[in-house]
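Peer 1: Next up is a structure, given as structure tokens.
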Amino acid sequence: MAMLKEASGLRLITFNGIQNRTENFVYGEFDTSNKPPPILVKNLNNNYIVGSASQKYCLFRLFPIIFSDLVEKLQSFKIYLVLRELLDMILAFPQRKSWLPFMETLAINFQCMMVDLLPEKVTPKIHYVTEYPKIIEENGPPVRFWCMRYEGAHLYFKQIALQSNNFKNIPKTLAQRQQLRQCLLLSNCQFLKTSEEARGVKQIHMYQIDFKIKTLLIQRFGQQLAQFDQTLLRFSELIYNHIIYKQYAVYVYDLEHVEDIPLFFRILYIFKYNQQWIFIVDFLNTDGFSTKLWSYKVSSCDRLGIVSPNDLKYFHKGLDLYEVDHLHLVNLTSRLTKQN
Amino acid sequence: MSSKTFLCKLCNTNRSFNKFHDYFRHITLYHADEPNFQLTCDLSNSCGVTYKKFTSYKMHIHRHHHFLLNSSFNQQENNDLDDIDQLSIQQPDTTSVDPVTVDNTDENIIYANINNDDFANQWDISSTNILREDKQINLIAVQQLYTRFLLEMREQHILPQTVIQSITTYIVNLLDIVVDLVEEQAKKKNTSQQPSTAVNVSVNDIRTTIKDIEQAIVFSTRNEYQFLQSCKKFFNYTPPIENLLSSNQMKKEYSYHISIKQSLKEILEKGEMLPFLIENIRDQINATQCDPDLIFSFRDCIKGKKIHKQSFLIQLYVDDIGVTNPIGPKKGQHKLTMVYFMLEDVPDPFRSMLQCIHLAAICYSKYLDNDEKIRKFYDPIVKELNDLQLTGLTINTFNSQLLFSFSAIAADNLAAHSVAGFQQTFSSGNFCRRCLVTYENRLIPLTDVHFIQRTYSQHEKCLQLLKNKPYIKSVFGVVGPSPLNDLHNFDPTNSFPGDAMHDFFEGN
């Protein structure tokens with residue numbers, strides 16, 4: 001991944017420029033939690049990008065958007081595109097067996113390009129990348145057995161080890177504490193709990209709501225809503241079934257059948273009425289796919305609708321909308337596929 | 001005893017006390033947190049030790065002169081229970097578990113002030129109600145509730161043991177005050193209106209109950225051992241199993257195991273877990289039957305075909321972590337080898353939760369320096385997993401046998417290579433655990449070559465060769481047998497799928 005920075009460092013932009021740009025880039029709501037630290041001049045000199053795995057992944061995903069004016073002029077951007085396509089498939093869940101031959105060619109392609117363009121960067125990891133199609137064939141989707149969450153679990157143990165300040169027999173302390181924790185979790189009435197959590201509550205009156213939305217609501221829930229002083233609860237964020245829904249975030253609601261083109265909507269408002277969650281959404285048109293930025297171009301066409309969280313099936317994570325050259329872009333994290 | 005007077009040497013005014021417990025309380029309240037605390041115990045001739053810390057002095061008093069404190073209690077308690085002096089007897093009792101911190105004693109003083117105040121405030125009525133309710137539950141329930149509370153404090157909010165002790169102290173203090181309040185209130189009522197209401201709980205009763213509760217609380221959390229005991233009693237706590245790794249008697253090297261079977265059993269006995277798992281598997285099977293092209297999990301792949309359809313998948317994870325001790329003589333990094341396991345069939349919304357990952361074994365990495373120790377470390381895991389795969393698990397809430405099968409080991413490249421018995425360097429020779437690529441060959445475009453995959457039989461041959469000719473260090477990157485070789489469904493060349501996180505995102 002660092003090779004891209006170097007290639008761009010060769011011309012077109014100075015190291016300082018890179019630093020400025022990564023410092024000033026505005027990450028979307030969902031990506032801010034994984035916001036990568038800015039790439040400093042020092043890092044570029046050392047050929048090393050700091051950050052955790054998820055931060056690097058975020059940077060990798062948004063790279064063409066951050067450097068949208070430069071990428072086309074770079075030779076090594078070809079490699080990025082191949083790797084990106086491969087990675088999208090590797091991280092997909094569920095996957096399709098019919099993708100495997102294509103992934104194989106992509107992987108070979110990637111390795112050849114690496115050898116060709118950046119031979120000094122061919123580390124054993126490049127070789128490992130080429131093995132993924134085979135691994136998937138044998139073991140299933142890699143996200144099922146990647147280390148991301150396990151590494152997250154390390155944090156708990158490290159915290160305890162530091163907190164207890166007892167370094168005599170750490171294994172014993174940790175094992176004991178883990179067992180105690182297990183006791184606690186099991187003494188809760190439910191081990192795995194689905195919860196609803198909402199933030200940013202505001203009460204609003206019907207007369208404050210936009211006319212179009214009002215008619216929609218009345219159509220769905222009947223006339224009693226039309227009364228002037230009827231109030232609704234409005235939220236800015238909702239966690240339902242472990243999925244975060246945020247106002248103004250974009251979600252995939254369906255896939256166009258043959259080509260797996262995702263259809264998006266954008267949440268305008270989150271309401272609660274009669275103990276039901278209601279999303280007022282704006283269905284977006286998927287205008288096309290930009291290979292250069294590796295994201296979908298979308299545009300709004302004012303088709304409003306009402307959706308409840310239970311109707312969502314496909315891809316549950318919220319996505320951020322970015323704007324480049326007056327185009328609205330949605331950057332997907334992995335390739336989606338629809339069950340027949 | 002009462003003939004003797006106790007003189008406080010720490011006060012400038014040389015206050016004297018008639019009873020020892022008064023004196024002790026005075027010390028606790030006013031002098032415990034003095035920086036230059038120094039006290040010589042002159043209670044009996046054999047004493048005469050000087051204490052520079054209040055804690056040690058307190059310990060000494062409780063160990064050697066406990067009868068003084070106790071006898072004064074008894075006297076008091078027998079004398080007159082409705083007396084105002086009552087307030088004072090409680091104090092030494094509570095301070096007996098007091099880890100002496102500055103704010104703690106401050107708090108005590110504040111409490112004392114409140115007690116001395118003439119209060120006619122509002123919040124005592126509600127507290128009496130609670131107390132009456134408390135009386136109906138038995139003490140064990142109180143103890144259980146309290147242990148649960150402490151457990152939550154410790155494990156959810158990760159507080160150290162000392163904080164727990166001060167929590168106990170505060171709660172005991174709080175209870176004391178509640179009693180005092182009740183008493184005060186009762187007295188007031190008595191003076192104002194002689195024939196009181198129908199339901200009448202005597203102050204004595206309340207006092208004894210509270211006393212019992214306090215004792216139970218203090219007892220169950222006096223030290224780590226007691227706490228663990230009460231966890232065992234109420235929450236089914238099972239201590240980790242200690243396992244001796246070293247063979248010589250000189251230095252004892254332990255690893256700690258947590259029975260996979262036991263933890264699985266406990267989790268699955270939670271009512272909602274099994275339906276979740278079964279439903280999730282059924283959904284996936286249905287989906288793949290409609291559309292055989294989809295891959296959801298291990299089951300839909302080549303290796304997964306062999307396993308039993310009804311079994312749950314268990315995944316292992318091995319990694320080293322470093323914990324740094326910033327200060328002290330044991331300064332430096334402590335490397336630990338951790339083995340986690342996880343049920344693969346947990347439905348997607350919960351899969352990312354950390355509580356789905358369970359610890360299986362833990363050990364200092366430096367202990368695992370020879371083959372024998374490594375084998376000893378992994379043996380219990382292998383044994384248990386084999387048992388689970390062959391005989392399954394019976395649990396109370398489900399009537400048939402549950403089967404499990406081992407799917408794969410997730411690990412970063414280094415850990416995978418060390419467990420599988422491959423070379424642990426990635427900058428020379430055969431660095432891949434799945435095929436026979438060499439470091440020099442990595443530069444050849446894949447369009448020109450095809451690397452031979454490692455297979456089980458080929459790996460066996462390598463191991464045989466290594467065994468026969470001990471002077472050879474490695475054959476095709478293989479350095480030795482894997483400690484997990486006895487595990488069913490395990491194949492060193494195949495059970496370590498690459499880790500997408502490390503291969504794509506880590507490093508540069």
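Peer 1: Limited to the range A:52-89, what total is found for residues that are within 19 Å of A:ASN16 (Cα to Cα) and without any contact (Cβ under 8 Å) to a residue 60 or more places away in the chain?
Peer 2: Final tally of qualifying residues: 5.
Peer 1: Of everything in the range B:480-492, what is surrounded by fewer than 20 Cβ atoms within 10 Å (Cβ to Cβ) and either touching a His at 6+ places or on another chain (Cβ under 9 Å) or free of Cβ contacts under 8 Å to residues at least 24 places away in the same chain (or both)? Give them in sequence order.
Peer 2: Those that are surrounded by fewer than 20 Cβ atoms within 10 Å (Cβ to Cβ) and either touching a His at 6+ places or on another chain (Cβ under 9 Å) or free of Cβ contacts under 8 Å to residues at least 24 places away in the same chain (or both): B:ASN485, B:ASP491.
Peer 1: Another question, then. Please go through the range B:253-266 and give me each residue that is assigned to a helix (DSSP H, G or I), in contact (Cβ under 8 Å) with a residue 40 or more places away in the chain and either within 10 Å of chain A (Cβ to nearest Cβ) or surrounded by fewer than 20 Cβ atoms within 10 Å (Cβ to Cβ) (or both), ordered by number.
Peer 2: Matches in the range B:253-266: B:LYS261, B:SER263, B:LYS265.
Peer 1: Let me ask something else. Does the range B:386-398 contain at least one residue that is in contact with a strand residue (DSSP E or B) (Cβ under 7 Å, 6 or more places away or on another chain) and modelled with pLDDT of 80 or more?
Peer 2: There is at least one residue in the range B:386-398 that is in contact with a strand residue (DSSP E or B) (Cβ under 7 Å, 6 or more places away or on another chain) and modelled with pLDDT of 80 or more.
Peer 1: If I ask for residues that are of a type in the set (A, V, I, L, M) and either more than 18 Å from B:THR438 (Cα to Cα) or more than 23 Å from the chain's Cα centre (by Cα) (or both), which ones from the range A:108-135 would you list?
Peer 2: A:ILE108, A:MET113, A:MET114, A:VAL115, A:LEU117, A:LEU118, A:VAL122, A:ILE126, A:ILE135
Peer 1: Moving on. What number goes with the only condition from (1) over 30 Å from B:LEU145 (Cβ atoms); (2) surrounded by fewer than 18 Cβ atoms within 10 Å (Cβ to Cβ); (3) within 7 Å of another protein chain (Cβ to nearest Cβ); (4) free of Cβ contacts under 8 Å to residues at least 12 places away in the same chain that A:ILE108 does not pass?
Peer 2: Condition (4) is where A:ILE108 drops out.
Peer 1: Could you please find all residues in the range B:460-477 being more than 14 Å from chain A (Cβ to nearest Cβ) and either touching a Lys or Arg at 6+ places or on another chain (Cβ under 6 Å) or closer than 30 Å to A:LEU87 by Cα (or both)? Break it down stepwise before answering.
Peer 2: Here is the first cut: in the range B:460-477, the ones more than 14 Å from chain A (Cβ to nearest Cβ) are B:460-476.
Result: B:PHE476, single match.
Peer 1: Now, a different point. Restricted to the range B:293-311, and to residues that are outside any helix (DSSP H, G or I) and within 11 Å of chain A (Cβ to nearest Cβ), which residue is surrounded by the most Cβ atoms within 10 Å (Cβ to Cβ)? Reasoning before the result, please.
Peer 2: As a first pass, look at the range B:293-311 and keep what is outside any helix (DSSP H, G or I): B:293-297, B:301-302, B:307-311.
Now narrow it down to the ones that are within 11 Å of chain A (Cβ to nearest Cβ): B:293-297, B:301-302.
Values: B:ASP293: 16, B:LEU294: 20, B:ILE295: 27, B:PHE296: 22, B:SER297: 23, B:CYS301: 20, B:ILE302: 12.
Among those residues, the one meeting the criterion is B:ILE295.
Peer 1: Of the numbered conditions (1) of a type outside the set (A, V, I, L, M, F, W, C); (2) outside any helix (DSSP H, G or I); (3) closer than 26 Å to B:THR455 by Cβ, A:LYS168 satisfies every one except a single condition; which is it?
Peer 2: So A:LYS168 meets the others, but not (3).
Peer 1: Would you call B:ARG442 charged (D, E, K, R), surrounded by 18 or more Cβ atoms within 10 Å (Cβ to Cβ), at pLDDT below 80 and assigned by TED's automatic domain parsing to the domain that holds B:ASN489?
Peer 2: Taking the combined requirement at face value, the residue satisfies it.
Peer 1: Further, regarding this structure: Filter the range B:445-470 down to residues that are surrounded by fewer than 15 Cβ atoms within 10 Å (Cβ to Cβ), assigned to a loop (DSSP other than H, G, I, E, B) and under 46 Å from the mean Cα position of the chain (by Cα), then give me how many there are.
Peer 2: Number satisfying all stated conditions: 2.
Peer 1: Let me ask something else. Going by the conditions given, is B:LYS305 at pLDDT below 75 and among the basic types (Lys, Arg)?
Peer 2: yes
Peer 1: For the range B:338-376, what are the residues that are in a helix (DSSP H, G or I), touching a helix residue (DSSP H, G or I) at 6+ places or on another chain (Cβ under 9 Å) and within 11 Å of chain A (Cβ to nearest Cβ)?
Peer 2: B:ASP348, B:PHE350, B:ARG351, B:LEU354, B:GLN355, B:CYS356, B:TYR367
Peer 1: So, one more: When you look at A:LEU174, is it buried (at least 17 other Cβ atoms within 10 Å of the Cβ) and at pLDDT below 80, yes or no?
Peer 2: For A:LEU174, the condition - buried (at least 17 other Cβ atoms within 10 Å of the Cβ) and at pLDDT below 80 - is not met.
Peer 1: Of the residues A:ASN45, A:ASN16, which is assigned to a helix (DSSP H, G or I), more than 24 Å from A:TYR251 (Cβ to Cβ) and away from every other protein chain (no Cβ under 14 Å)?
Peer 2: Unique residue meeting the criteria: A:ASN16.
Peer 1: I want to confirm something. Restricting to the range B:273-306 and keeping residues that are out of contact with any Lys or Arg (no Cβ under 9 Å at 6 or more places or on another chain) and of a type in the set (D, E, K, R), which single residue is nearest to B:PHE350 (Cα to Cα)?
Peer 2: In this case the residue turns out to be B:GLU279.
Peer 1: Another question about this same structure. Search the range B:408-436 for residues that are more than 24 Å from B:TYR340 (Cβ to Cβ) and pair each with any residue that is in a helix (DSSP H, G or I) when their beta-carbon atoms are under 8 Å apart and the residues are at least 6 apart or on different chains.
Peer 2: Going by the 8 Å Cβ cut-off, the qualifying pairs are B:GLN423/B:HIS417; B:SER427/A:PRO124; B:PHE431/A:PRO124; B:PHE431/A:HIS127; B:CYS432/A:PRO124; B:CYS432/A:HIS127; B:CYS432/A:TYR128.
Peer 1: Spot the failing condition for A:CYS301; the list is (1) at pLDDT 75 or above; (2) surrounded by 19 or more Cβ atoms within 10 Å (Cβ to Cβ), and only one is missed.
Peer 2: Looking at each condition in turn, A:CYS301 falls short on (2).
Peer 1: I've got another one for you. Can you find a residue in the range B:427-436 that is of a type in the set (D, E, K, R) and not assigned by TED's automatic domain parsing to the domain that holds B:LYS305?
Peer 2: Looking through the range B:427-436, at least one residue is of a type in the set (D, E, K, R) and not assigned by TED's automatic domain parsing to the domain that holds B:LYS305.
Peer 1: While we're here: Within 24 Å of B:ALA416 (Cβ to Cβ) and within 24 Å of the chain's Cα centre (by Cα), is that true of B:ILE362?
Peer 2: So B:ILE362 fits the description; yes.
Peer 1: Quick check: is even one residue across the range A:185-204 at pLDDT 75 or above, assigned to a loop (DSSP other than H, G, I, E, B) and of a type outside the set (Gly, Ala, Ser)?
Peer 2: So far as the range A:185-204 goes, yes, one or more of its residues are at pLDDT 75 or above, assigned to a loop (DSSP other than H, G, I, E, B) and of a type outside the set (Gly, Ala, Ser).
Peer 1: Test B:ILE357 against the stated conditions and say whether it is among the aliphatic types (A, V, I, L, M) and under 28 Å from the mean Cα position of the chain (by Cα).
Peer 2: yes
Peer 1: Please pick out the residue among A:LYS121, A:LYS168 that is at pLDDT below 80 and assigned by TED's automatic domain parsing to the domain that holds A:ASN34.
Peer 2: A:LYS121
Peer 1: Looking only at the range B:292-309, decide whether some residue is touching a His at 6+ places or on another chain (Cβ under 6 Å), under 27 Å from B:LEU414 (Cβ atoms) and not aromatic (Phe, Trp, Tyr).
Peer 2: no
To keep it simple, each residue is scored yes or no on (1) under 26 Å from A:VAL324 (Cα atoms); (2) away from every other protein chain (no Cβ under 14 Å).
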| site | (1), (2) |
| --- | --- |
| A:THR231 | no, yes |
| A:LEU238 | no, yes |
| A:TYR248 | yes, yes |
| A:TYR251 | yes, yes |
| A:GLU256 | yes, yes |
| A:ASP260 | yes, no |
| A:ASN274 | no, yes |
| A:PHE283 | yes, yes |
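The values are calculated or read from the model by the stated rules, or taken from the named source; none is laboratory data. A quick note: this is a predicted structure, and the numbers were derived from the prediction, not measured. Because the Cβ atoms are built from the backbone with ideal geometry, glycine has one as well, and the counts that use them run over all protein chains shown.
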